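Notes for the one structure printed next.
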Amino acid sequence: MFMDPSQPSPNVDAAPWLRSASALLLGVLGACAPESADAASAPNVIIWLVDTLRADHLSCYGYERPTSPQLDALAADGVLFEQLHAQSNWTQPSMASIFTGRWPGRFDGGFESRLAEQSLTAAEWFSAHGYATAGFVLSVAVGERFGFAQGFERFEELDAHVDERERTKRQGRGYDADVLVQRALAWLDTQRADERPFLLYLHSMDPHLPHEAHPGFPSWTQPYDGPLDGTTTTTFTAQDEAWPLTEIDRQHMRDLYDGEVAFNDHCLGQLVDALTARGLARDTLLVVLSDHGEELWDRSFYGHGHDSLHHEMTRVPWVLHWPGRLTPGLRLPGLARGVDVLPTLLELVGLPALPEADGVSLAAAARGDGPIPRDLPAFSLRGRRRDDPRALRTARTFCYANPRTGEQGLYLLPDDPDERANLRSERPRAFLHAAGPLSRWVRLLRERAEAGPETDAVALDPATEARLRELGYLR
Ligand SMILES: [Zn+2]
């Protein structure tokens, strides 16, 4: 929806005092830090967020198929983080961590909660320091209804504009990333007279179910007459009803996924070309990343947001491109977390650090001044329910616990990069060594939740519910 910052948001019904913490903090900030002082020499920041993009299906992350020539070129001229791990295996908790620098723990998957007004978000922080802010999103999960619009002067949920008949014809598919790029560029062109630098957030969905082939773009699909047509419904029905899928069926879906990745990469190239044509590329820090991966039947499932927190769910790309300001072609092998993204961006562009962030700035590493600090623990969880699966990842271990099923896992890295050999029983002491910090982390999240609301309640309307069903989030 189009957001007019001068009008109260139609979906925000929280009492004024609930808006308190971030407003208070930003008010204090505004009183002591004139806007222009911060932003005068600051670069633009564009966040190109590709939903459901696992790193290992990108050529610059070693994939054998050339799915990502545009991103490869950005990485060759910029900085690539080889091991960014998201804080959840689905959109809302992971995006909340990226946009607040805080651990997840706000969302349970029921779509009955929203990022609390008192959360301090990237857009609020950039805005308070003199940036123009705009967000264009294709996922209802990161819409205004769920609190993700806070801080954006302009926020559009493009998916809300897809005609219902058209949507039915397209079997639930919304817009592709090319439309997102067009909308964002139209905004950019109205923005040119504004002397402020901008923060622009683009959230695309191409690799997310449902899948379709994109004629004229790189494709790896073979002639196929099996039961899977790339729709969310068919994919999940096949799993629910245990259809006897063959490897040909599964590979067909992987091929479709790769085609969507390649199409999205093409759209990223359109954005880069448009920035160059407008003379904006040099003064723009372009950030490419994803909120989570996708299991492509690596184990027993196609999709995300289920119980697994293995690497195919959490390892996502993170590439920074800022011509002349970063070491070209630098690849950083250390473990990084979604919560580190915002602290890193703030330091790189010269804005003050975010108060109360759980993540740390990796700006020094990004500048080539040494490696990513060792031993940063990457926690992840599915949701905030007491029995939701959770995991701890370090450079040496991946430790997993699912209170709902009683399943526990210990995988030794880097010897077992695919996380296949569960050594929980054989190495009980090593498991306890990792499980202790994991339990303490879950306790910390619980204490935080009890200390103050990090989520506000939200009621679902039928249209939003329909969108969430199409994406497979509600069944
Ligand atoms: Zn997502």
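Results, tabulated for the structure shown:
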quantity: Pairs, first closer than 23 Å to PHE148 by Cβ and aliphatic (A, V, I, L, M) in segment 427-455, second open to solvent by less than 60 Å² (accessible area, probe 1.4 Å) and at pLDDT below 85, C-beta under 7 Å, six or more apart; calculated: LEU445/GLY105; ALA449/GLY105
quantity: Failed condition for SER94, given (1) of a type outside the set (Asp, Glu); (2) touching a residue at least 40 places away in the same chain (Cβ under 8 Å); (3) touching a Phe, Trp or Tyr at 6+ places or on another chain (Cβ under 9 Å); calculated: (3)
quantity: Extreme residue, nearest to VAL181 (Cα to Cα), among residues of segment 41-52 that are part of a loop (DSSP other than H, G, I, E, B) and either open to solvent by 10 Å² or more (accessible area, probe 1.4 Å) or away from the ligand (no atom under 16 Å from the Cβ) (or both); calculated: PRO43
quantity: All positions within segment 174-206 that are hydroxyl-bearing (Ser, Thr, Tyr) and in a strand (DSSP E or B); calculated: TYR201, SER204
quantity: Counted residues, segment 120-133 - those being of a type in the set (Ser, Thr, Tyr) and open to solvent by 10 Å² or more (accessible area, probe 1.4 Å); calculated: 1
quantity: Residue among PRO93, PRO104 that is open to solvent by less than 10 Å² (accessible area, probe 1.4 Å), in a loop (DSSP other than H, G, I, E, B), in contact with a Gly (Cβ under 9 Å, 6 or more places away or on another chain) and within 16 Å of the ligand (Cβ to nearest atom); calculated: PRO104
quantity: Number of the condition not met by GLY334 [criteria: (1) open to solvent by 40 Å² or more (accessible area, probe 1.4 Å); (2) in contact with a Pro (Cβ under 6 Å, 6 or more places away or on another chain)]; calculated: (1)
quantity: Qualifying residue in segment 134-157 (condition: buried (at least 24 other Cβ atoms within 10 Å of the Cβ), free of Cβ contacts under 8 Å to residues at least 40 places away in the same chain and not charged (D, E, K, R)); calculated: yes
quantity: Some residue of segment 425-440 being among the basic types (Lys, Arg) and within 17 Å of HIS85 (Cα to Cα); calculated: no
quantity: Of all residues in segment 252-287 being more than 20 Å from VAL179 (Cβ to Cβ) and free of Cβ contacts under 8 Å to residues at least 24 places away in the same chain, the one that is surrounded by the fewest Cβ atoms within 10 Å (Cβ to Cβ); calculated: GLY279
quantity: Whichever residue in segment 203-244 is surrounded by fewer than 16 Cβ atoms within 10 Å (Cβ to Cβ) and among the aliphatic types (A, V, I, L, M) and, among such residues, is farthest from VAL181 (Cα to Cα); calculated: ALA242
quantity: Subset of segment 288-318 (residues that are among the aliphatic types (A, V, I, L, M), in contact with a Leu (Cβ under 9 Å, 6 or more places away or on another chain) and surrounded by 24 or more Cβ atoms within 10 Å (Cβ to Cβ)); calculated: VAL288, LEU309, VAL316
quantity: Matching option when the condition is more than 27 Å from ASP77 (Cα to Cα), acidic (Asp, Glu), in contact with a Pro (Cβ under 6 Å, 6 or more places away or on another chain) and surrounded by fewer than 21 Cβ atoms within 10 Å (Cβ to Cβ), among ASP387, ASP375; calculated: ASP387
quantity: Exclusive hit being out of contact with any Asp or Glu (no Cβ under 9 Å at 6 or more places or on another chain) and within 27 Å of PRO207 (Cα to Cα), set LEU354, LEU330; calculated: LEU330
quantity: Scope segment 193-207; condition touching a helix residue (DSSP H, G or I) at 6+ places or on another chain (Cβ under 8 Å) and either closer than 14 Å to GLY174 by Cα or without any contact (Cβ under 8 Å) to a residue 12 or more places away in the chain (or both); matching residues; calculated: HIS203, SER204, MET205, ASP206, PRO207
quantity: Qualifying residue in segment 70-79 (condition: of a type in the set (A, V, I, L, M, F, W, C), within 16 Å of the ligand (Cβ to nearest atom), touching a residue at least 40 places away in the same chain (Cβ under 8 Å) and not in a loop (DSSP other than H, G, I, E, B)); calculated: no
quantity: Verdict on HIS292 being farther than 26 Å from LEU71 by Cα and within 16 Å of the ligand (Cβ to nearest atom); calculated: no
quantity: Filtered residue count, segment 184-236, keeping only those that are of a type in the set (Gly, Ala, Ser) and closer than 30 Å to ARG154 by Cα; calculated: 4
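Yes/no matrix, rows are residues, columns are (1) under 30 Å from ARG192 (Cα atoms); (2) within 16 Å of the ligand (Cβ to nearest atom); (3) of a type in the set (Val, Ile, Thr):
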residue	(1), (2), (3)
THR246	no, no, yes
LEU256	no, no, no
ALA262	no, no, no
ARG278	yes, no, no
SER300	no, no, no
GLY303	no, yes, no
TRP322	yes, no, no
VAL339	no, no, yes
VAL349	yes, no, yes
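The values are calculated or read from the model by the stated rules, or taken from the named source; none is laboratory data. The shown structure was predicted, so the numbers you read here are calculated from the model rather than taken from an experiment. FYI the Cβ positions are ideal-geometry reconstructions off the backbone, even for glycines, and counts take in every protein chain you see. SASA here: full protein model, heavy atoms, side chains in, ligands and nucleic acids out. Shrake-Rupley method; radii C 1.70, N 1.55, O 1.52, S 1.80 Å.
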